[in-house]
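Have a look at the structure below, then the notes.
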Amino acid sequence: MKNSTLVKKYILGENSISHLGHFLSDHRKDNNSVIVFCIDHFFESHQIIDKLPIESNDITLFIDTTDEPKAEYIDELVDKIKTEKEYLPKAIVGMGGGSTLDISKAISILLTNPGKAQDYQGWDLVKNKSIFKIGIPTISGTGAEFTRTAVMTSSVKKLGINSDESVFNQVILDPTLTKSVPNDQFFFTAMDCFVHNVESLRGSQNDELTIAFAEKSLEMMRECFFEKMNHEKLMVASVMGGISIANSNVGICHPLSYGLSLVLGLHHGFAICVAFNQLEEYYPEVKEFKEFMSNSKIKLPKVVDETVSDDQINKMADATLKNDRPLENAFGKNWREIFTKDKVIELIRKM
Ligand code: NAD
Ligand code: ZN
């Protein structure tokens, strides 16, 4: 059964971040209320920090996004909050890209649920209500601002906390925040959205709603990358791509990218671009993707070069082939006969 959850409240528009104080006011009624601000470390020395409604009793955590979210790092942040204050925070504010948004979702859950982050990786394992949280994306593409998963890697697996408790209570979509993203990062994260749409549309597990969201999102992305960049439009495309993929499934590119991320430590958006670039025989949209790259002056390096061993390639192929649901979505029930390990290795060697 597919039963979908959506973010209940969001605002959209330039400088909409100025309403953050208003959204927090209900959570500041007690004398000792604490708000935790989880902010991507890029903003540590940015002027925007002085404009945020941070008060003396609040906790500000600058999130290190050099690596994508690790379960142990999330546990450390939760411990830090618990040590600093003996009472629970009233709200969490997550401001950053997919990594920071996912970390703040996970923190909001772990403050009210016992154990460690890795205990909740999976589907619907969260028992207690999480803390009220506000998401403020600062890069467009992952859709993490609207989804019910908080993706992380633990010593055992890369898997999200999939739960209604992961959904932000309020989202602030302010396109002015995405203007400082460097060109290459901007492109890689945006292409995550492009690939979400393509995989959703070309799979068998979509429905009229996911198709509608993915088609509109693709149309907006084409306007942004072929005609004129519009940060607000891209932000909406990211949300729509996120809704589409969360209610259908990824396809061939995501499983291949997970192998690349696991073995070579590549970041999600970059790994997606490296993998998608080799998938023209499955997805005609790769042609467009290459035009987007050339318009955005992006050149992808070869990542599977002579320094990568056969053993590592083997591990990447195994990690790819573990994703049976996405691969079934792409190829059908007999996917193992079509997408063989030899084929996967052939593709990986080209990346
Ligand atoms: P990110 O959050 O990892 O950030 C990438 C880089 O961009 C970082 O160096 C960060 O400091 C920088 N950055 C962020 N905002 C900036 C700004 N406004 N100006 C300048 N620099 C800025 O990037 P991402 O691609 O958005 O997120 C990737 C993560 O999202 C992965 O962990 C992936 O697994 C996850 N993800 C989650 C979902 C979901 O539904 N929860 C969906 C897709 C991907
Ligand atoms: Zn993705």
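The values are calculated or read from the model by the stated rules, or taken from the named source; none is laboratory data. Since this is a predicted model, take the numbers as computed values, not measurements. Ideal geometry is used to build each Cβ from the backbone, glycine not excepted, and the neighbour counts take in all protein chains shown. For accessibility, only protein heavy atoms count, side chains too; no ligands or nucleic acids. Shrake-Rupley method; radii C 1.70, N 1.55, O 1.52, S 1.80 Å.
Computed with a 1.4 Å probe over protein heavy atoms only, the accessible area of Tyr282 comes to about 60 Å². Per-residue accessible area (protein heavy atoms, 1.4 Å probe) orders Leu300, Leu101 as Leu300, Leu101, starting from the largest. Please report the net charge: other residues with Cβ closer than 13 Å to the Cβ of Asn249, K and R +1, D and E -1. Neighbourhood net charge equals -1.
Between the stretch 86-163 and the stretch 218-257, the C-alpha centres lie 22 angstrom from each other.
Show Thr147, Thr60 ordered by accessible area, largest first, where the area counts protein heavy atoms only and the probe is 1.4 Å.
Thr60, Thr147
Counting each DSSP H run of 4 or more residues in the chain as -39500 (n - 2.57), what helix-only mean residue ellipticity at 222 nm follows after dividing by all residues, to the nearest 500 deg cm²/dmol? -13000 deg cm²/dmol, from helical runs alone. Relative to the longest principal axis of the Cα atoms of the chain, the long axis of helix 341-350 makes an angle of roughly 80 degrees. Per-atom-type breakdown for the stretch 76-200 gives carbon and sulfur 52% of the accessible area (1.4 Å probe, protein chains only).
Probing with 1.4 Å while keeping every protein chain in the model, the per residue accessible area of the stretch 10-82 equals 56 Å². Out of all DSSP beta bridges in the chain, what portion is antiparallel? Express it as a percent rounded to 5. Of the beta bridges lying entirely in the chain, close to 15 percent run antiparallel.
Can you sort Asp207, Asp192 by solvent-accessible area, 1.4 Å probe, largest first?
Largest to smallest exposure gives the sequence Asp207, Asp192.
Charges on Cβ only, +1 for Lys and Arg, -1 for Asp and Glu, centred on the Cα centroid of the chain; of Asn128, His19, Leu159, which one is farthest towards the dipole's positive end? About the Cα centre, the residue reaching furthest to the positive side is Asn128. Note on Lys85: lysines with a C-alpha under 26 Å away, same-chain residues under 8 apart excluded, are Lys29, Lys51, Lys70, Lys105, Lys116, Lys127, Lys129, Lys133.
Phi angles of the stretch 294-311 translate, via the Karplus equation with coefficients 6.51, -1.76, 1.60 and θ = phi - 60°, into HN-Hα couplings of 5, 4, 8, 6, 9, 10, 8, x, 7, 9, 9, 9, 5, 7, 8, 7, 4, 4 Hz per residue; Gly and Pro are given as x. Electrostatic tally near Ile136: other residues with Cβ closer than 11 Å to its Cβ, Lys and Arg +1, Asp and Glu -1, net -2.
How charged is the neighbourhood of Phe270? Take every other residue with its Cβ under 10 Å from the Cβ of Phe270, and add Lys/Arg as +1 and Asp/Glu as -1.
Around Phe270, the surrounding residues sum to -2.
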